[in-house]
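**Student:** Starting off with a structure, shown below.
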There are 2 protein chains.
Amino acid sequence: MHLYHGDIVYSENRETLKIFEDSYIAVENGLVEGIYPQIPDKFSGAEVTDYGRGLIIPAFSDLHVHASQFLQRGIGMDLLLNDWLNTYTFPQESHFADMDYAEPVYEAYVNDMIRHGTFHACIFATIHRPATNLLFKKLEEKGLRALVGKVNMDFQSPPYLCETTEESLRETEIFLEEHSGGTLVKPILTPRFAPTCSRELIWGLGKLGKKYKVGVQTHIVESRWEAAESLRLFPDCRSDSEIYEKAGLLGNGPSVFAHVIFPNEDDIRVMKEYDCTPVQCPDSTNNIIAGIMAVDRLQEKGLRVTLGCDIGGGQQNGIYRQCAASIKLSKLKEFYEPELGKTIDIANTFYMATKAGGEVFGNVGTFDPGFVFDALVIDNIEDEGHPMTPAQRLERFCYAGDDRNVTARYLNGTLL
Amino acid sequence: MHLYHGDIVYSENRETLKIFEDSYIAVENGLVEGIYPQIPDKFSGAEVTDYGRGLIIPAFSDLHVHASQFLQRGIGMDLLLNDWLNTYTFPQESHFADMDYAEPVYEAYVNDMIRHGTFHACIFATIHRPATNLLFKKLEEKGLRALVGKVNMDFQSPPYLCETTEESLRETEIFLEEHSGGTLVKPILTPRFAPTCSRELIWGLGKLGKKYKVGVQTHIVESRWEAAESLRLFPDCRSDSEIYEKAGLLGNGPSVFAHVIFPNEDDIRVMKEYDCTPVQCPDSTNNIIAGIMAVDRLQEKGLRVTLGCDIGGGQQNGIYRQCAASIKLSKLKEFYEPELGKTIDIANTFYMATKAGGEVFGNVGTFDPGFVFDALVIDNIEDEGHPMTPAQRLERFCYAGDDRNVTARYLNGTLL
C-alpha cells in the first residue's frame, strides 16, 4: 500500500470533475484502492509520497495517432491534403520498410508520448510488418497500453506504398498471430481508409477480425471528399461506417473511427449499434481543413467521443492541449453552425481525454477503486502568491501547459 | 562589428521569406550592416559567434496584450465574455490600484514576454496611472520597445473600475507629461472601447492626442454586440472607427485596432486613410467566440495586419504560436465563409508577426541594413538524423515550439 498526497482530480462524466483537494490516494499493487481526506488509521504505516499542491490526474489516452508520421509534426501545413500526403506523408511512410529508419523514429515517438503523459494510445504504424512489430515491442517494453495497427492499403495508393491484396492480408494475419498473447499492447486491424482499400481487402480483414477477435481502427467521413469517395467505391453501402459493418469488421473488439466530421444517419446507426469510438483530432482537423466534429451531438446520441493528437496532421503529442483545442473548435462550430453543435467545456474535454478514452484500453482513465494507477502529477502552474483552485490549474495546464508541468508519471502504479 | 553565423531568416513581404542559409549577419552598434555568405575580407578581424544550424530570426512584435491580465491566462475560458469580464477581468484589474499587487504581476509579464522572444509590444495596463508607470519603467529598464496605455473607462463599467470623465482625462494628461521624453517606451492613448467610454472622454482624449502627438489603441468591431453597441452609443458615426476619427484621435501617432472582426466599409475607409494597424489575436478571438478576422481581405486593401497574443483572452505569450493559430483560423474562415477570407500561409503570418508588427515600433522586425538587431536564435527543432530546411524549422517552431527553442536573444544588438 502506498499513499500519494495532492489535489486529486478526475472525471466522473462529461459534466463533472471529481475534485479531492488536499487528499490521499491509496494505491495497492498498482491499483487505486480509494481516496481519503486524511490518512485512514488502517493505512497508518503506509508509505506516503507528498506532492503538496500538485494536481494528481489520470494519464491521457490518445485514440488516434500515426507514430510513423512523427518526423512530420508541424511541417508542410500550408499544403493541401493531397499534396501533403504525396509530398510528405506517403514518401515518408515508405521509409519504414527500412528498420534502421524506423527504429529511432519510433523510439522518439514513444518517449515523446510518455513525456507528455499519454500512456494509452491507438496507433497507426505503416504497411510494413517488421517495423510495426518494432513499435509494438517498444510500447510493450515501456509498459504502455496500446492498440497498434499494421496499415493496409492496396488501392489508389502510390506504388512505393501499396500492397497486393494477398500480401496485405497475409502479412496482417502473421501480425495477428505474432501477437496472440495477452499483453497490454494489442494488435488492431487498420485499413487506412476506404479510398485506399479494395473491397476484397476490407472483407478479408473482416474475416481476420472475426477469426482473431480483434478490433479495427480507420478514418471515416473525415472530409467531404472522403465521405463521397467511399460511397462511390462502395455503392451498396449507405454510409462509410456500413462498409466496415458489412465486411464483418465491427463488434470483434474496439472499433475506433477517427475524425467523423460528416456522419450521416446511417453512420450514427452503425456507431451506436457496435459501440464504436469516434475520435476528434482538433489540431489535425483544423490543419487539414476538414471541418469540425459535432462533439456534443455525437455525445447526445450516446457515443463515446474521445480525443486524438493525430500526428502528423496534428503537430504535437500532448492530449491536454487537444482538450483546449476541442473547446476552441466547439466555439467556432456553434458560431458558424449553431444548429449542428454547441460549445463544450473543460470538464467535457478532460473526460474525453481520460475516462472516455481510457475505456477503450481497460480499467484506466479514472481513479475509481480498482482502476490502474496510471497517473500524472501536474505542477508549477500557479503564479507565486496567487493560488488557484484545482479546476483552474487543470484548465491552465490544458490551455497553456507543456511537458515541464508534468512533474511525475506513474505507469501501472510505478514511478517512471 | 560583430558577426553572427547561422541560418538567417526574415520577411521580405507577406509572400516571401528571405532565407540565407549558412550565412553571416554583420552587426555594428546594434544595427544590421549586412548579410554575407562568407565572412567578407573587410570584416576579417571581427568577432564571430557561431550558432551553427540555429535559425537567426527577428524578435517578435505583439500588437495587442493586456499585461494586467497576465494572471488570468488560460483560466475562465468556459465563461461567456460578459461573465468572464465581470467574474475575472474587471475585479482582477481593479487590484492594480495596489502597487504591491501590480509589481510582481508586471515583473512576471515582462520576463515572460522576453522569454518568448517578444521585444516590442502594444500594451494595455489598467486605469491606474501609478501602476501603469511601474510597467512603463520595467519595460524601459529592460530595453524593450513598447507603447503602453493607461486605460480609460468612465461609462458602463463596474463602480470599482470606473473613473469620472474629468479624473480619467486629468490622469491621462499627467501620464503623457510624465513620459514626454524620447525613450524606446512611449505612451499611447487607450480608451478601452467605445462601450465603456463617454463621448466627452473620447473627444477629450482626441484633444490630448493632438496636443501631445500620441497615438491610440483600442478594440474595434470585436464582436457583433460591440459593433452594434458602439453605433448605438454614437449614432452620428458610420462605423466604430469613425468614432475615433471624429474625436481627433487618429493620425497623431500609431492607431492600433485590436480584433477588427466585423469591419464595415467605413471602418475600412478610416483605417486606410489613417494608416491604422489592425491586430488579429487568433487565440483570443477563438476563446471569446468572436468570429474570425478576414486577414487576407484586409491585407488586400493595403492594411498592415499584425498579430497579438491578447492575454488574458489569449492564453499565452509567444507570438510564434499565434502565427500557427492565425493560419488555422484562416482555414476555418475559408471553410465556412469562402467569400470572406482565404487561407494564409506561414510566410504571411511570420510577416505579420515580425516585419508588419515591427513597423509600428520603428526600424525593427527585419534584418535589412540599418535595422536594429533585435533577434532570436531558434534551435533544437530538428530530429536527430533528419535535417530540415530553414523554412521547415521556422514552421515547426511556430506550430510546436516553445520558449526552450529560443536559445539566444539579442536586444538592441546585445545578448541577454
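**Student:** Out of all DSSP beta bridges with both ends in the protein assembly as shown, state the antiparallel percent to the nearest 5.
**Tutor:** About 45 percent, rounded to the nearest 5.
**Student:** Taking beta carbons within 10 Å but only from partner chains, what does the mean come to for residues A:288-295?
**Tutor:** Numbers: counts 1, 7, 2, 3, 3, 0, 0, 0.
Mean inter-chain Cβ contacts per residue within 10 Å come to 2.
**Student:** Go ahead and estimate [θ] at 222 nm for chain A from helices alone: -39,500 (n - 2.57) per DSSP H run with n ≥ 4, summed, over the residue count, rounded to 500.
**Tutor:** After summing the helix terms and dividing by residue count, I get -10000 deg cm²/dmol.
**Student:** Continuing with the same structure: For helix B:319-336, report the angle its Cα long axis makes with the longest principal axis of the Cα atoms of chain B; keep it between 0 and 90° and round to the nearest 10°.
**Tutor:** 70
**Student:** Using the number of other C-beta atoms within 10 angstrom as an exposure proxy, rank A:LEU31, B:LEU231 with the fewest first.
**Tutor:** A:LEU31, B:LEU231
**Student:** Among A:ILE344, B:ILE268, A:ILE311, which comes first, then next, by fewest other beta-carbon atoms within 10 Å?
**Tutor:** B:ILE268, A:ILE344, A:ILE311
**Student:** Same structure, new question: Read phi for every residue in region A:381-393 and hand back ³J(HN,Hα) as whole Hz from Karplus 6.51 cos²θ - 1.76 cosθ + 1.60, θ = phi - 60°, with x for Gly and Pro.
**Tutor:** 3J(HN,Hα) across region A:381-393, in whole Hz: 9, 7, 7, 4, x, 10, x, 10, 5, x, 5, 5, 5.
**Student:** Here is a follow-up. If each residue of separation counts as 0.36 nm, what is the full-extension length gain between A:THR407 and A:ASN380 once their alpha-carbon separation is subtracted?
**Tutor:** Going from the current span to full extension adds 8.9 nm.
**Student:** What residues have an amide H closer than 5 Å to that of B:LEU147, excluding those fewer than 5 places away on the same chain, when H is modeled at 1.01 Å from N in the peptide plane?
**Tutor:** Residues meeting the criterion, in which the H sits 1.01 Å from N, are B:ALA121, B:CYS122, B:ILE123, B:LYS186.
**Student:** Shifting gears a bit: Charges at C-beta only: +1 for Lys and Arg, -1 for Asp and Glu. How large is the resulting dipole of chain B about its Cα centre, in Debye rounded to 20?
**Tutor:** Here the size comes out at about 540 debye.
**Student:** Please name whichever of B:SER23, A:HIS66, B:ALA97 sits farthest to the positive end of the charge dipole of the protein assembly as shown, dipole taken about the Cα centre and charges placed at Cβ: Lys and Arg +1, Asp and Glu -1.
**Tutor:** Result: A:HIS66, furthest along the dipole toward the positive end.
**Student:** A further question follows. Out of A:THR414, A:ALA290, B:ILE188, whose Cα points farthest toward the positive end of the dipole of the protein assembly as shown (charges: +1 Lys, Arg; -1 Asp, Glu; placed on Cβ)?
**Tutor:** Of A:THR414, A:ALA290, B:ILE188, it is A:ALA290.
**Student:** Here's another thing I want to ask about it. Once amide H atoms are placed 1.01 Å from N in the peptide plane, what residues at a sequence separation of 5 or more from B:ALA408, or on another chain, have their amide H within under 5 Å of its amide H?
**Tutor:** B:VAL377
**Student:** Taking a label point 7 Å from Cα toward Cβ, how far is A:ILE174 from its twins in the other copies, in nm, shortest first?
**Tutor:** 8.3
**Student:** Then there is this: Most exposed first by the Cβ proxy, i.e. fewest other Cβ within 10 Å, how do B:TRP84, B:TRP203 rank?
**Tutor:** In increasing order of surrounding Cβ atoms, one gets B:TRP203, B:TRP84.
**Student:** Another question, then. Distance in nm between label sites at B:ASP368 and A:LEU340, each 7 Å beyond Cα in the beta-carbon direction?
**Tutor:** 4.4
**Student:** Could you state the angle between the C-alpha long axis of helix A:224-233 and the longest principal axis of the C-alpha atoms of chain A, as a value from 0 to 90 degrees rounded to the nearest 10?
**Tutor:** That helix lies at roughly 50 degrees to the long axis.
**Student:** As a check on your reading of the symmetry: which chain B residue has its Cβ nearest the axis that brings B onto A, and how far is it in Å?
**Tutor:** Chain B residue with minimal Cβ-axis distance: B:TYR336, 2.
**Student:** If you don't mind, there's one more thing I want to ask. Whole-Hz ³J(HN,Hα) for each residue in region B:181-192, computed from phi via Karplus 6.51 cos²θ - 1.76 cosθ + 1.60 with θ = phi - 60°, x for glycine and proline: what do you get?
**Tutor:** Ordered by residue, 3J(HN,Hα) equals x, x, 9, 6, 9, 10, x, 9, 5, 9, x, 3 Hz.
**Student:** Going by a ≥ b ≥ c, the root eigenvalues of the Cα gyration tensor, does the protein assembly as shown fall in the rounded group (a/c under 1.5), the prolate group (a/b larger than b/c) or the oblate group?
**Tutor:** prolate
**Student:** Going by amide H atoms built from the backbone, whose H comes under 5 Å of the H on B:LEU189, apart from near neighbours?
**Tutor:** When sequence neighbours closer than 5 places are left aside, the close amide H contacts are B:GLY215, B:VAL216, B:GLN217.
**Student:** Once Lys and Arg get +1 and Asp and Glu get -1 on their Cβ, which of B:HIS120, B:LEU231, B:THR87 lies farthest toward the positive end of the dipole of region B:60-358?
**Tutor:** The Cα lying farthest towards the positive end belongs to B:HIS120.
**Student:** Another question, if that's okay. Quick check: the angle from helix A:199-212's long axis to the longest principal axis of chain A, C-alpha only, nearest 10 degrees?
**Tutor:** Orientation of helix A:199-212: about 40 degrees from the principal axis.
**Student:** From the phi angles alone, apply the Karplus equation (6.51, -1.76, 1.60; θ = phi - 60°) to region A:397-404 and give each ³J(HN,Hα) in whole Hz, x where the residue is Gly or Pro.
**Tutor:** Karplus values, whole Hz, x for Gly and Pro: 4, 5, 7, 9, x, 8, 4, 5.
**Student:** For a test of the definition: using alpha carbon positions, the gyration tensor, and the 1.5 limit on a/c, classify region B:254-399 as rounded, prolate or oblate.
**Tutor:** Details: a/c = 1.90, a/b = 1.33, b/c = 1.43.
Note, shape of region B:254-399 comes out oblate.
**Student:** If you don't mind, another one. Let me check against my output: what whole-number percent is the relative contact order of region A:60-358, with C-alpha pairs under 8 Å and at least 6 apart?
**Tutor:** On the way: 621 pairs, mean separation 58.2, N = 299.
The normalised contact order for region A:60-358 reaches 19 percent.
**Student:** For the protein assembly as shown, give the magnitude of the charge dipole about the Cα centre (Cβ charges: +1 Lys/Arg, -1 Asp/Glu; no others), in debye to the nearest 20.
**Tutor:** 720
**Student:** Taking R0 as 60 Å, what FRET efficiency do you get between B:ALA97 and A:THR183 from their Cβ-Cβ distance, rounded to the nearest 0.05?
**Tutor:** 0.45
**Student:** How high is the relative contact order of region A:288-405, given as a whole-number percent (alpha carbon pairs under 8 Å, six or more residues apart)?
**Tutor:** 24
**Student:** While we're on this one: Given axes a ≥ b ≥ c from the Cα gyration tensor, I'd like to know whether region A:60-358 is rounded (a/c under 1.5), prolate (a/b larger than b/c) or oblate. Mind dumping the intermediate values first?
**Tutor:** Values: a/c = 1.37, a/b = 1.18, b/c = 1.17.
Rounded, because the longest to shortest axis ratio a/c is under 1.5.
**Student:** Give, rounded to the nearest 20 debye, the magnitude of the charge dipole that region B:91-192 has about its Cα centre when Lys and Arg contribute +1 at Cβ and Asp and Glu contribute -1 at Cβ.
**Tutor:** The calculation lands at about 500 debye.
**Student:** Considering only chain A, what is the antiparallel percent among its DSSP beta bridges, to the nearest 5?
**Tutor:** Working: 26 of 59 bridges.
The antiparallel fraction comes to roughly 45 percent.
**Student:** List the relative contact order of region A:141-275 as a percent without decimals, with contacts defined as Cα pairs under 8 Å and 6+ residues apart.
**Tutor:** About 24 percent, as a whole number.
Coordinate-derived values only; no laboratory data. Quantities reported herein were computed from a predicted structural model and do not represent experimental measurements. Here Cβ is always computed from backbone atoms with ideal geometry, including for glycine, and neighbour counts include all displayed protein chains.
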